Amino acid sequence: MSAPTRIRATLRDGVTELRMLMSHPMENGLRKDAEGKLIPAHFITEVGVQRNGEIVLEADFGPSVSTNPYLAFSIAGGAPGDEIVVSWRDNLGGTRSDTIRVT
Amino acid sequence: MDSRRRDVLKAGGAVGVWSVLAAVGIAAPAQARDARNGGVFEAATLDDALRALGAQDAAESAAVRIAAPDVAEDGRAVTISVASDIPRTEQIVILIEENPYKVAASFRLSGAMAPAIQTRVKMARTTRVHALVKAEGRLFVARREVTVTVGGCGT
């Protein structure tokens, strides 16, 4: 079970600023462990961000995204209480979805 | 296909969109991924990546701006921002030329989203970063070099 995605949503001048930090190893399948064995690829492939059920961003990731992927962007409008959902899935079928309310 | 996916995503809501995706049989991650990206993320050469993206003839544009450090001490996590001044920007793709897998991330923007994204990527060594922007079906590109002191793509 993966750790929760840390999500920050800030209202500023009619814009909702979003920052999120996902918890994931993002192994590219090319690294070796201490015994010289390849560490299998394990990385997030898809991310979806929704506000009140509407998709605001969809992303596809390759393994060049850093460990514990970080995203920051802004969306127009917003109000306190808006529900922000950040979901991801990885190449091994792992999934996670986290929700916050804009304050 | 895209519109269907959006409907499915909407239906998922806070319940967990991916479990819904799996439930309706869009299923296997590898399948879904290949269908949508046409091998973009598997591309091991820059030419292959640009071809898979249909971006060989992307127009160089000063309206695509890449913010990145000139020198990155640690290639494991280099912060990059891409912003587009091109109206109706619908997609932003970040490529790292010297990495084993060239395409780092592809972002599909909703109308609500400001056309700018910040993320962190790995860099195996000193490399050019390419930012592709799609707007109204046309492709634009900007490039920027980042000097990497200690590579971070792990071998």
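Kindly indicate the residue of region B:97-115 that is in contact (Cβ under 8 Å) with a residue 24 or more places away in the chain and not in a strand (DSSP E or B) and also nearest to B:A77 (Cα to Cα) among those meeting that condition.
B:N99
If a residue has to be assigned to a loop (DSSP other than H, G, I, E, B), of a type in the set (A, V, I, L, M, F, W, C) and surrounded by fewer than 20 Cβ atoms within 10 Å (Cβ to Cβ) to count, how many in region B:41-54 make the cut?
To start, the set of residues in region B:41-54 that are assigned to a loop (DSSP other than H, G, I, E, B) comprises B:43-45, B:53-54.
Checking the rest, the ones that are also of a type in the set (A, V, I, L, M, F, W, C) come to B:43-44, B:53.
So of that shortlist, the ones also surrounded by fewer than 20 Cβ atoms within 10 Å (Cβ to Cβ) come out as B:44.
Residues flagged as assigned to a loop (DSSP other than H, G, I, E, B), of a type in the set (A, V, I, L, M, F, W, C) and surrounded by fewer than 20 Cβ atoms within 10 Å (Cβ to Cβ) within region B:41-54 amount to 1.
Please work out which residue is surrounded by the most Cβ atoms within 10 Å (Cβ to Cβ), limiting yourself to region A:46-55 and to residues that are over 10 Å from the mean Cα position of the chain (by Cα), in a strand (DSSP E or B) and in contact (Cβ under 8 Å) with a residue 24 or more places away in the chain. Before the answer, list the steps.
Our first condition is that a residue be over 10 Å from the mean Cα position of the chain (by Cα); within region A:46-55, this holds for A:50-55.
Adding the requirement that they be in a strand (DSSP E or B) leaves A:50-51, A:54-55.
Within this subset, residues satisfying the condition of being in contact (Cβ under 8 Å) with a residue 24 or more places away in the chain are A:50-51.
Numbers: A:Q50: 24, A:R51: 22.
If we take residues in region A:46-55 being over 10 Å from the mean Cα position of the chain (by Cα), in a strand (DSSP E or B) and in contact (Cβ under 8 Å) with a residue 24 or more places away in the chain, then A:Q50 is surrounded by the most Cβ atoms within 10 Å (Cβ to Cβ).
Just a yes or no: is a residue in region B:63-73 within 12 Å of chain A (Cβ to nearest Cβ) and buried (at least 16 other Cβ atoms within 10 Å of the Cβ)?
Scanning region B:63-73, I find at least one residue that is within 12 Å of chain A (Cβ to nearest Cβ) and buried (at least 16 other Cβ atoms within 10 Å of the Cβ), so the answer is yes.
Would you point out which residue out of A:E54, A:E58 is within 8 Å of chain B (Cβ to nearest Cβ), out of contact with any strand residue (DSSP E or B) (no Cβ under 9 Å at 6 or more places or on another chain) and charged (D, E, K, R)?
Working: A:E58 fails: out of contact with any strand residue (DSSP E or B) (no Cβ under 9 Å at 6 or more places or on another chain).
Exactly one residue qualifies, and that residue is A:E54.
Could you tell me whether A:T95 is at pLDDT below 95 and touching a Gly at 6+ places or on another chain (Cβ under 9 Å)?
Values: at pLDDT below 95: no; touching a Gly at 6+ places or on another chain (Cβ under 9 Å): yes.
Considered against the rule, which asks whether it is at pLDDT below 95 and touching a Gly at 6+ places or on another chain (Cβ under 9 Å), A:T95 comes out as no.
I'm checking my understanding of the structure. Among residues of region B:69-96 that are within 14 Å of B:T147 (Cβ to Cβ) and in a loop (DSSP other than H, G, I, E, B), which one is farthest from the chain's Cα centre (by Cα)?
Per the stated criteria, the residue is B:D70.
Confirm whether B:T89 is over 21 Å from A:I55 (Cα atoms) and of a type in the set (S, T, Y). Steps first, please.
Values: over 21 Å from A:I55 (Cα atoms): no; of a type in the set (S, T, Y): yes.
No; evaluated as a whole, the condition is false for this residue.
Considering only strands (runs of 3 or more DSSP E) fully contained in region A:56-103, which possess at least 3 residues that are buried (at least 20 other Cβ atoms within 10 Å of the Cβ) and in contact with a Leu (Cβ under 9 Å, 6 or more places away or on another chain)?
On the way: elements: A:70-76, A:83-90, A:95-101.
Of the strands (runs of 3 or more DSSP E) lying wholly inside region A:56-103, those with at least 3 residues that are buried (at least 20 other Cβ atoms within 10 Å of the Cβ) and in contact with a Leu (Cβ under 9 Å, 6 or more places away or on another chain) span A:70-76, A:83-90.
Exactly one of (1) touching an Asp or Glu at 6+ places or on another chain (Cβ under 8 Å); (2) at the interface with chain B (Cβ under 7 Å from one of its Cβ atoms) is unmet by A:V86. Its number?
That leaves (2) as the condition not met.
Select, from B:R143, B:R120, B:R125, the only residue that is surrounded by fewer than 23 Cβ atoms within 10 Å (Cβ to Cβ) and touching a His at 6+ places or on another chain (Cβ under 6 Å).
Working: B:R120 fails: touching a His at 6+ places or on another chain (Cβ under 6 Å); B:R125 fails: touching a His at 6+ places or on another chain (Cβ under 6 Å).
It is B:R143.
If we scan region B:116-134, do we find a residue that is farther than 24 Å from A:W88 by Cβ, part of a strand (DSSP E or B), in the same structural domain as B:A43 (by TED's automatic domain parsing) and of a type in the set (S, T, N, Q)?
Looking for residues that are farther than 24 Å from A:W88 by Cβ, part of a strand (DSSP E or B), in the same structural domain as B:A43 (by TED's automatic domain parsing) and of a type in the set (S, T, N, Q), one finds at least one in region B:116-134, hence yes.
Residues of region B:120-149 being within 14 Å of chain A (Cβ to nearest Cβ) and over 23 Å from B:A58 (Cβ atoms), which ones?
Result: B:R120, B:K122, B:A124, B:R125, B:V148.
The values are calculated or read from the model by the stated rules, or taken from the named source; none is laboratory data. Bear in mind the structure is a predicted one, so any value in this text is a computation, not a measurement. Ideal geometry is used to build each Cβ from the backbone, glycine not excepted, and the neighbour counts take in all protein chains shown.
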